[in-house]
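Below you'll find the structure, written out as structure tokens, and then a few comments.
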């Protein structure tokens, strides 16, 4: 195989004619030479009236040469400079004739539209309205399915329900354990920074216990389940939508809301409060690891302070919050899955939207419930 000759453009100017001589191998992956010189001479400030080409020293060529020629011809046309292509090889002339055989029609190129901020705000408001309406309709259909199921008019497979119980509960314990212990460790270290200034390290147990039981345990469990379970629900239902399985269920007389959504919803609403209790316990255990090993506090003292600080109402508040979180997580996952389009990319979009929507719902619900509890003195 012959050695590749570096490509170059030599520029010669005679009177009002500019000659561009192509040298070497103009092939893909070749190092493109600097061509600013020729473009600067073609600009409007020069007196060049004609552009000609020389290919006497041209070696191999492919689309790289064609691309550069088209750029030169278009640049010359913009400055009303005549281009002579008669000296180019016959193959290149044929390709150029194909390129310029049909001129580009006016107003056919894609235009970048700069939307006004008021228009963007209006589009966002319309999307928000449509999404809110879809959520209300979905919740209404779910309520009707629950009512019909309680009356015994509709049923879902018990096996599917227990499989969802397993996926939403025991299967999530490893990741819940890891995150909860780490959150307990972080809370203990953060609290110790200030409490050690006053010699009050014993109150680390109070802070970790109350923080985990009232808010952090349930909140972190909910966020984990959003990324884990809500995305799974959206992907499963979205794939069924793509494969027309949901349409097949409707054809066979099954109500998708009862057969597909209701068991997932019930499983997550039942399991998340239990995961909350487990997360509370593991977070307090993580706080105990820090308090006992890094400060002069025994494990018995840590347990005594935790028992004195944490009451049933604190644990109940976390469990109630988690029940609401479970409903919102299942709602976001199932809603986005049922809204999924008919393509593979739509499944990915539905999964992403489910996670984002679930986290947004959780944060808003947590803020509202915290403010309500604060106002009520709970």
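Please state which of the following conditions residue 78 fails to meet, knowing it meets all the rest: (1) free of Cβ contacts under 8 Å to residues at least 24 places away in the same chain; (2) touching a strand residue (DSSP E or B) at 6+ places or on another chain (Cβ under 9 Å).
So the condition that residue 78 fails would be (2).
Being free of Cβ contacts under 8 Å to residues at least 24 places away in the same chain and buried (at least 16 other Cβ atoms within 10 Å of the Cβ) is the requirement here; does residue 254 meet it? Step through it out loud before you land on a result.
Working: free of Cβ contacts under 8 Å to residues at least 24 places away in the same chain: yes; buried (at least 16 other Cβ atoms within 10 Å of the Cβ): yes.
Yes.
Helices (runs of 4 or more DSSP H) wholly in segment 1-109 with at least 2 residues that are surrounded by 11 or more Cβ atoms within 10 Å (Cβ to Cβ) and modelled with pLDDT under 80 - which ones?
On the way: elements: 36-42, 63-78, 90-99.
It comes to 36-42.
With 228, 264 as the choices, which residue is without any contact (Cβ under 8 Å) to a residue 60 or more places away in the chain, within 30 Å of residue 154 (Cα to Cα) and assigned to a helix (DSSP H, G or I)?
From the options 228, 264, the qualifying one is 228.
Go over the candidates 169, 191, 152 one by one and state the one that is on the phi > 0 side of the Ramachandran plot and out of contact with any strand residue (DSSP E or B) (no Cβ under 6 Å at 6 or more places or on another chain). I'd like the intermediate steps shown before the answer.
Working: 169 fails: on the phi > 0 side of the Ramachandran plot; 191 fails: on the phi > 0 side of the Ramachandran plot.
Of 169, 191, 152, the one residue that is on the phi > 0 side of the Ramachandran plot and out of contact with any strand residue (DSSP E or B) (no Cβ under 6 Å at 6 or more places or on another chain) is 152.
Which of (1) surrounded by 18 or more Cβ atoms within 10 Å (Cβ to Cβ); (2) over 24 Å from residue 365 (Cβ atoms) does residue 226 not meet, given it meets every other one?
(2)
Could you check, for segment 244-251, whether at least one of its residues is under 21 Å from residue 344 (Cα atoms), in the same structural domain as residue 325 (by TED's automatic domain parsing), under 25 Å from the mean Cα position of the chain (by Cα) and in a helix (DSSP H, G or I)?
no
Among 334, 340, which is the only one that is in a loop (DSSP other than H, G, I, E, B) and in contact (Cβ under 8 Å) with a residue 60 or more places away in the chain? Spell out how you get there, then give the answer.
On the way: 334 fails: in a loop (DSSP other than H, G, I, E, B).
Just a single option satisfies the conditions, and that option is 340.
Between 348, 358, which is assigned to a helix (DSSP H, G or I), buried (at least 17 other Cβ atoms within 10 Å of the Cβ) and in the same structural domain as residue 266 (by TED's automatic domain parsing)?
Details: 348 fails: buried (at least 17 other Cβ atoms within 10 Å of the Cβ).
Just one listed residue meets the conditions, 358.
The values are calculated or read from the model by the stated rules, or taken from the named source; none is laboratory data. Being a predicted model, the structure only gives us computed values, none of them experimental. Glycine gets a Cβ as well: all are built from the backbone with ideal geometry, and neighbour counts include every protein chain shown.
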